[in-house]
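Trainee: Pasting a structure here, questions to come.
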Amino acid sequence: MKRSSKIAGIAMATLMTVSNSPAIAEENTGCAACSESSGNNGETASVASDRSLARQKLIDALKSMKNQPEQIEFHSAMCYKMAMPPATVDYTCPGCGANTIHEYNSPAGEMVRQIASVRRALPNLPVKITLDETALCSKCSKSERARLAFTSECGKCGTSFTWEIKDSNDLDKLGWLFLDYPVKSIDDGPGRGPLNNPDKVRAMVEFVSSCTFCPKCIKELQLNYEN
């Protein structure tokens with residue numbers, strides 16, 4: 001019994017000592033964690049490091065494509081008989097929740113059909129790119145023309161710049177942005193293949209560079225083509 005009382009007394013004393021001690025360790029741990037794990041834009045050190053490596057891979061891949069376009073092979077998938085598409089497609093605005101109906105084969109309809117994939121893919125890019133899709137909403141749109149507006153932070157200097165996707169041709173190019181670089185073989189849709197297409201490789205380099213780096217940095221990185 002005496003032994004139990006003694007143990008209880010020691011435990012109580014220890015508890016009082018701990019409760020009366022200043023929380024220095026907790027505060028220091030919190031600050032250290034913030035300073036060590038957060039980048040300038042609130043990213044963790046790990047995420048910032050991954051993005052930095054991905055940016056360098058992209059730069060190296062684009063330089064290789066520019067200098068050796070013949071190394072890229074375009075192949076064609078088999079042709080499939082498509083079912084008759086619906087006449088319209090519904091778009092629900094993530095901002096206001098309004099529903100807008102677009103013609104299925106219109107530029108707006110094509111954008112609506114791809115918008116979910118674009119939203120998912122943007123956070124995985126090596127540069128920060130945000131999307132403004134309000135032009136697809138009949139309530140929020142300030143323009144009669146369908147478009148997807150993007151704002152990029154240059155992967156080299158951080159300067160913000162904007163660009164747009166306005167039609168089917170632009171949508172086809174947008175797919176290039178989400179490829180896993182470096183690439184050696186690219187699905188070019190139904191048709192013949194495999195083929196080399198240096199002109200298309202040049203268009204890829206120009207488009208992807210223009211979406212991820214500002215004009216000044218494109219020149220500094222030697223990703224521009226001399227006219």
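Trainee: Which helices (runs of 4 or more DSSP H) sit wholly inside region 1-114 and have at least 3 residues that are of a type outside the set (A, V, I, L, M), open to solvent by 80 Å² or more (accessible area, probe 1.4 Å) and modelled with pLDDT under 95?
Mentor: Where helices (runs of 4 or more DSSP H) fall fully within region 1-114 and carry at least 3 residues being of a type outside the set (A, V, I, L, M), open to solvent by 80 Å² or more (accessible area, probe 1.4 Å) and modelled with pLDDT under 95, they are 2-20, 24-37.
Trainee: Please go through (1) of a type outside the set (D, E, K, R); (2) at pLDDT 95 or above; (3) touching a Ser or Thr at 6+ places or on another chain (Cβ under 7 Å); (4) open to solvent by 40 Å² or more (accessible area, probe 1.4 Å) for G193 and return the number of the only condition it doesn't satisfy.
Mentor: Result: G193 fails condition (2) only.
Trainee: D188: open to solvent by 60 Å² or more (accessible area, probe 1.4 Å), within 23 Å of I115 (Cα to Cα), at pLDDT below 95 and in contact with a Phe, Trp or Tyr (Cβ under 6 Å, 6 or more places away or on another chain), yes or no?
Mentor: yes
Trainee: Name the one entry in T130, T134 that is open to solvent by 50 Å² or more (accessible area, probe 1.4 Å), closer than 30 Å to Q56 by Cβ and either in contact (Cβ under 8 Å) with a residue 12 or more places away in the chain or among the hydrophobic types (A, V, I, L, M, F, W, C) (or both).
Mentor: Matching residue, one of T130, T134: T130.
Trainee: How about region 148-160: which of its residues are under 25 Å from E220 (Cβ atoms), in contact with a helix residue (DSSP H, G or I) (Cβ under 8 Å, 6 or more places away or on another chain) and open to solvent by less than 60 Å² (accessible area, probe 1.4 Å)?
Mentor: Matches in region 148-160: F150, S152, C154, G155.
The values are calculated or read from the model by the stated rules, or taken from the named source; none is laboratory data. Worth saying up front: this structure is predicted, and the values here are computed from it rather than measured. As a convention, Cβ positions derive from the backbone with ideal geometry for all residues, glycine included, and neighbour counts pool all protein chains shown. Please note that ligands, DNA and RNA were not included when accessible areas were found on the heavy atoms of the full protein model with its side chains. Shrake-Rupley method; radii C 1.70, N 1.55, O 1.52, S 1.80 Å.
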